[in-house]
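These notes concern the structure reproduced below.
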Amino acid sequence: MEDNVKLGFATKAIHAGYSSKEHYGSLNPPIYQTSTFVFNNVEEGRARFAGEQEGYIYSRLGSPTVKLLEERIATLEGAEAGIAFGSGMGAVSAVVFGLLQSGDHIIGTDALYGGTYSFLELAKEKFNIDYTLIDMTNPDEIKKHVRPTTKMIYAETPVNPTMKLVDLEKIAAIAKEIGAVSVVDNTFMSPYLQRPLEYGIDIVLHSATKYIGGHGDVIAGLVVGSKENIATIRHTSLKSVGSVMAPFDAWLLLRGLKTLAVRLDRHTESAMKIAKYLEQHPKVEKVIYPGLESFPQYELAKRQMKAPGGLISFELKGGLQAGIDVLDHVQICQLAVSLGDVDTLIQHPVSMTHASIPREERLVMGITDGLVRLSVGLEDVDDLIADIDQAISYIKE
Ligand SMILES: Cc1ncc(COP(=O)(O)O)c(C=O)c1O
């Protein structure tokens, strides 16, 4: 396939960077399951170590199946380069450790994924990288928290799990103005629905465990950005910290990417129907879904997201106990953390993904005790609505 031709997203997600002609006609890429690579002679080994010759050395430093995935995600996000990790947290930590120094400061969105929050705590305690988390729905707030040491603006949009959005163009501009690197965790959207680099963001990362894998069978992380930033991350945090992606996992993700566009079209279509059903239900207090006109940042959602995606957060009347009553009675929806799978997953952030955040901080962020997060899967939407409906009937008055 000619990568320089202007092709559509789905075509690139299936073909970019791979030619079957170079692999005995194999329609799918081979899995190079090897730890090390053989040199033809000492000079070749020396030249590769010295960075004077292209080629593989050892799979922690790079391998062919993983490289194909790195190139494909870079193409889909519109980036110069990409890099793969053994988990989304491997990606988050590699970006922070790779691009920052001890003494630097990060400004991040509040209500981040709980694991990222715990990591920032660790980076602060052990490595003296400080952070301030703020509500970035008004990007001008960022300037109030800038310090001479602020070197990174870190955002999730939509933010997990409150679904608040951040204006990508504005935060990219502020980061440039203050000389900081802008980073967006694009896990909730995937490159099919949102491409932050097009708005001037420097680095995009993913928990590829979610929509990119799509089938709930792999833990993985991906990062894209400029050649320079990706090379820095590769030579520091990937090489020395070592959260490497296995070749088979790269192959699973390449397979997942092939259906990303159709999956997300269907996730979105079903989520829209479920959000509308929940919104009219008398036992539901509020529904937070960027596709609803009641969503406070509806216009921004339409501007920077191709579609509102498959995640809905909602609050039941009756708070915590009502949430527990519903979650304990779903039958088709699976009571599990994670998101972006073909299976519908439902979870309670306060007891699960966001339990590490102190209650007072959670409440300020909008993560209330009764908040429920639903990752709408690819089952028949009428079956999902019937399942949620029967579970809601268990709420005690
Ligand atoms: C938004 C977001 N970022 C990062 C992560 C971490 O990814 P992983 O679980 O693949 O390490 C998650 C996991 O749930 C997430 O939801």
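Protection proxy ranking for 59-67, 199-207, using the average of other Cβ atoms within 10 Å per residue and placing the highest first: 199-207, 59-67.
From the largest down, the chain spans 77, 53, 35 angstrom on the principal axes of its Cα atoms. Can you give the relative contact order of region 260-392 as a percent, counting alpha carbon pairs under 8 Å and 6+ residues apart? In percent, rounded to a whole number, it is 28.
Relative contact order for the chain: what percent, with Cα pairs under 8 Å and sequence separation of 6 or more? Here the relative contact order equals 17 percent. Per-residue ellipticity at 222 nm computed for the chain from its helices equals -11000 deg cm²/dmol, with DSSP H segments shorter than 4 residues left out and the rest contributing -39,500 (n - 2.57). Listed peptides 276-288, 107-119 appear in the order 107-119, 276-288 once ranked by packing, highest mean of other Cβ atoms within 10 Å at the front.
Kirkwood radius for region 260-392, taken over all pairs of different Cα atoms as the inverse mean of 1/r, rounds to 15.0 Å.
Placing unit charges on each Cβ (+1 for Lys and Arg, -1 for Asp and Glu) gives region 260-392 a dipole about its Cα centre, and among V330, H354, I385 the Cα reaching farthest toward its positive end belongs to H354.
Neighbours of I274, meaning other residues whose beta-carbon lies under 14 angstrom from its beta-carbon, give a summed charge of -4 when Lys and Arg score +1 and Asp and Glu score -1. Ordering of 164-174, 179-189, 23-33 by packing is 179-189, 164-174, 23-33, highest average first (other Cβ atoms within 10 Å, averaged per residue). A cut-off under 12 angstrom between Cβ atoms defines the neighbours of L238, and their net charge, with Lys, Arg +1 and Asp, Glu -1, is +2. Annotation: amide H of T209 within the under-5 Å range of G88, A220, sequence separation 5 or more or interchain, hydrogens built in the peptide plane.
Each reported figure results from applying straightforward, stated rules to the coordinates on display, with no laboratory input. Everything numeric in this text was worked out from a predicted model, so none of it was measured. Virtual Cβ from ideal backbone geometry, glycine too; neighbours counted across all protein chains shown.
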